[in-house]
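Only one structure is covered here, and it is reproduced in the block below.
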């Protein structure tokens with residue numbers, strides 16, 4: 001008869017340990033990361049301890065904050081259990097991808113985050129297909145962190161540049177008061 005208590009491993013221990021490792025590699029505190037992804041510090045701590053699974057949106061934000069590469073991001077996604085066949089939309093997604101593959105089209109599924117991300121820098125990478133804008137922000141440890149990444153064709157980049165120039169001109173000249181200046185008052189003597 002074994003008198004030792006059965007150990008209860010949190011259900012997402014491996015995921016939590018991996019996320020904690022990524023945070024520690026950046027030398028960031030729980031408060032810094034929870035502020036960056038806009039969740040409570042206690043929630044992030046429970047996620048790192050493996051007691052709580054982050055929502056898909058929060059996991060995506062954490063992966064973006066930690067600047068995880070593709071393979072590592074897939075591994076985190078799978079550790080969270082978001083790759084299983086039990087997903088209600090999985091069959092429809094697979095059918096769409098199979099249908100598109102026959103027509104040589106690309107189907108991409110993305111989670112949209114409509115929050116405004118502020119940046120104090122941008123790195124631009126070019127390749128034959130177009131360019132990628134990697135918006136960055138200086139972190140407390142003087143490390144540049146990616147806060148957003150956008151890829152586009154050269155034609156789209158030209159249109160973005162044109163639109164940006166128009167917006168800047170409009171901002172410069174349209175914010176001035178309209179109308180003629182007030183007439184000068186004659187000196188009352």
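Key figures
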item	result
Distance between the stretch 130-156 and the stretch 1-77 - C-alpha centres, whole angstrom	24 Å
Percent RCO, i.e. relative contact order, over the stretch 121-174, from Cα pairs under 8 Å lying at least 6 residues apart	25 percent
Sequence ranges 57-64, 156-163, 8-15, 30-37, ranked by mean other-Cβ count within 10 angstrom, highest first	57-64, 30-37, 8-15, 156-163
Extension gain from residue 163 to residue 141, taking 0.36 nm per residue of separation minus the Cα-Cα distance	4.5 nm
For the stretch 121-174, alpha-carbon Rg relative to the globular expectation (2.2 N^0.38 Å, N residues)	1.40
Length gained when the stretch residue 125-residue 32 is fully extended (0.36 nm per residue, less Cα-Cα span)	30.6 nm
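FYI, it's all coordinate maths here, none of it is from the lab. Source: prediction; values computed, not measured. Heads up, the Cβs are rebuilt from the backbone with ideal geometry, glycines too, and the neighbour counts pull from every protein chain shown.
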